Amino acid sequence: MEEGTDCNNAVEEGMVPESNDQHLWVSWESYHRSIEKLALMVHESGWKFDQVLCLARGGLRPGDVFSRIFDVPLAILSTSSYREEAGTVRGSLDIGKFITMTRGSLAGRVLLVDDLVDSGVTLDKVQNHLKEHFLAVTEVKSAVIWCKGCSSVKPDFYLEYLPTNPWIHQPFEEYDSLRPHQLTRWMKRGEGKDQTGQ
């Protein structure tokens, strides 16, 4: 999107453009509420797990919240496929060699958490990676906020099914193009307005 367009200006002012079949725009409030609803869905299923494994970067925030709510250890596995053009073009999938944890190793029942499943390649390959390299893991279930219709894999838990496969504009993506030298100006946006936004 070109700088200075209505959507960029709206995002800078904290408003979210209207969603359609091609674009799903998510506010911070909606994002956090979606994570909470997904956690409730997992809880209400009755399935108990020993650890949360989140896929970085998109699964970091949901994984952190799940770890806190369910009071289980958090493990982090870095994966990356969207790297080109500020994270909008998919490339080959890279899976980190190590899983980061504070102690012990990945074992028992694991809830694999990510923000979304797009093609399904990441979820499928990570589940196979766990089966091959982490023999102490006895069961893996997956949870995502958004499941796109084009996915070859269905997560065990998903909050929203998106049959039209829209591009999901998450609130933290505004940082993808922000650089340190722009922070002073960035932090001043919205200053001078009263509580009503006037």
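Brief remarks follow.
- Among strands (runs of 3 or more DSSP E) entirely within the stretch 126-179, having at least 1 residues that are at pLDDT below 95 and within 16 Å of Thr79 (Cβ to Cβ) singles out no element at all.
- Test: residue in the stretch 154-167 that is surrounded by fewer than 15 Cβ atoms within 10 Å (Cβ to Cβ) and under 21 Å from Trp28 (Cβ atoms): yes
- With respect to the conditions (1) assigned to a strand (DSSP E or B); (2) farther than 30 Å from Lys188 by Cβ; (3) modelled with pLDDT of 95 or more, Trp47 falls short on a single one, namely (1).
- Index of the failed condition, Ile95 passing every other in (1) surrounded by fewer than 18 Cβ atoms within 10 Å (Cβ to Cβ); (2) over 25 Å from Lys48 (Cβ atoms); (3) out of contact with any helix residue (DSSP H, G or I) (no Cβ under 6 Å at 6 or more places or on another chain); (4) without any contact (Cβ under 8 Å) to a residue 60 or more places away in the chain: (3)
- Residues satisfying the stated conditions in the stretch 50-60, i.e. at pLDDT 95 or above and surrounded by fewer than 20 Cβ atoms within 10 Å (Cβ to Cβ): Asp50, Leu60
- Flag for Leu135 being farther than 18 Å from Lys37 by Cα, of a type in the set (A, V, I, L, M, F, W, C) and free of Cβ contacts under 8 Å to residues at least 60 places away in the same chain: yes
The values are calculated or read from the model by the stated rules, or taken from the named source; none is laboratory data. All values derive from a computational prediction rather than experimental measurement. Backbone-built Cβ (ideal geometry, glycine too); neighbour counts: all protein chains shown.
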